[in-house]
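For reference, the structure discussed in these notes is given below.
The values are calculated or read from the model by the stated rules, or taken from the named source; none is laboratory data. Bear in mind the structure is a predicted one, so any value in this text is a computation, not a measurement. Cβ atoms come from the backbone with ideal geometry, glycine included; neighbour counts cover every protein chain shown. Side chains are part of the model used for accessible areas, which takes the heavy atoms of the whole protein and leaves out ligands, DNA and RNA. Shrake-Rupley method; radii C 1.70, N 1.55, O 1.52, S 1.80 Å.
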Amino acid sequence: MAMTINAETIKRMADEVGEETLTLLLNVFSDELEQYQRQLSEQPSIKQVREISHAIKSSAASFGADDLADMAQECESRVKQGQDDWIVDHLPEFRQMVEGMAVQYKRLASHDNPVNSLF
């Protein structure tokens with residue numbers, strides 16, 4: 001499953017905060033995703049999945065991780081609907097998405113000019 005980073009969102013962030021701050025923010029976001037991935041790997045309760053999904057949903061959207069934001073929204077919605085079996089079945093996919101995006105954002109932050117590397 002190839003997930004992409006929304007380049008327009010990253011460009012907008014760079015315009016708002018500058019390249020240096022963007023790099024810092026990309027690293028912070030990547031670190032957060034790594035932390036969430038660890039939590040998701042430790043057999044979380046359904047309540048914990050809901051909390052993690054909620055946290056990821058808005059931050060992922062802010063950072064242009066649109067596919068991850070959509071998956072987090074879906075997980076949160078399914079928990080609210082009491083569809084625990086769906087969560088159990090899709091937790092490995094969600095965990096993999098979180099891990100994959102953490103790697104991509106860490107890689108993006110390592111570029112001298114993250115915005116240009118996306119275009």
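Overview of results
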item: Hits in the range 15-58 (condition: of a type in the set (Gly, Ala, Ser) and under 18 Å from PRO114 (Cα atoms)); result: GLY18, SER30
item: Any pair with Cβ under 8 angstrom, 6 or more apart, that starts in the range 27-48 at a residue that is within 30 Å of ALA14 (Cα to Cα) and ends at one that is open to solvent by less than 70 Å² (accessible area, probe 1.4 Å) and among the polar types (S, T, N, Q); result: PHE29/SER59; GLU32/SER59
item: Residue in the range 5-27 that is part of a loop (DSSP other than H, G, I, E, B) and either among the β-branched types (Val, Ile, Thr) or touching a Cys at 6+ places or on another chain (Cβ under 9 Å) (or both) present; result: yes
item: Qualifying residues in the range 74-117 (those that are over 18 Å from the mean Cα position of the chain (by Cα) and small (Gly, Ala, Ser)) - the one surrounded by the fewest Cβ atoms within 10 Å (Cβ to Cβ); result: GLY82
item: Yes/no for LEU22 being over 17 Å from GLY100 (Cα atoms) and buried (at least 17 other Cβ atoms within 10 Å of the Cβ); result: yes
